[in-house]
Amino acid sequence: QVQLVELGGGLVQTGGSLRLSCAASGSIFSITSMGWYRQAPGKERESVASMTVGGATYYSDSAKGRFAISRGNARNTVALQMNSLKPEDTAVYYCFVRTPSLSWGQGTQVTVSS
């Protein structure tokens, strides 16, 4: 099993930036990809960005050009740099890892004020 701890999040004004980070522990040798989902009030959870162990990245259309996912040197950490934030980015952001089963972090709130 994999345990995830998320850091970051908070309140920021439109156009601002935030950085989320996530550290995995446990069976990290079996990780195939890591990334982030988010869930806004009343909406389904949606994928934001992910990265495979080989370095291939995926971004949702809403994240392209504004968000950047990166992996730490320890390879069990992943970060999401979010720039040019918009009110519609407001959501709870969840870190995940695939091993290939999915494990989730506890979620961190991101609020973008207009």
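Each reported figure results from applying straightforward, stated rules to the coordinates on display, with no laboratory input. Note that the structure is predicted; figures quoted are calculated from it, not measured.
Short version: ³J(HN,Hα) in whole Hz for each residue of the range 84-101, in order, from phi by Karplus 6.51 cos²θ - 1.76 cosθ + 1.60 (θ = phi - 60°), x for Gly and Pro, what are they?
Whole-Hz 3J(HN,Hα) from phi for the range 84-101: 6, 5, 10, x, 6, 7, 4, 4, 8, 9, 10, 7, 9, 10, 10, 10, x, 5.
List every residue whose amide H lies under 5 Å from the amide H of Gly9, counting only residues 5 or more places away in sequence or on a different chain, with H placed 1.01 Å from N in the peptide plane.
Arg19
Under 8 Å for C-alpha pairs, at least 6 residues apart: give me the relative contact order for the chain, rounded to a whole percent. Kindly include the intermediate steps, with their values, before the conclusion.
Numbers: 282 pairs, mean separation 42.0, N = 114.
Value for the chain: 37 percent.
Which percent of the Cα-Cα distances in the chain go past 18 Å? Working shown, then result.
Details: 2817 of 6441 pairs.
Within the chain, distances greater than 18 Å cover 44 percent of Cα pairs.
Could you work out how much longer the chain between Gln3 and Leu102 gets when fully extended? Use 0.36 nm per residue separation minus the Cα distance between them, nm to one decimal. Show your work: numbers first, answer last.
Details: separation 99, 0.36 × 99 = 35.64 nm, distance 1.08 nm.
So the extension gain works out to 34.6 nm.
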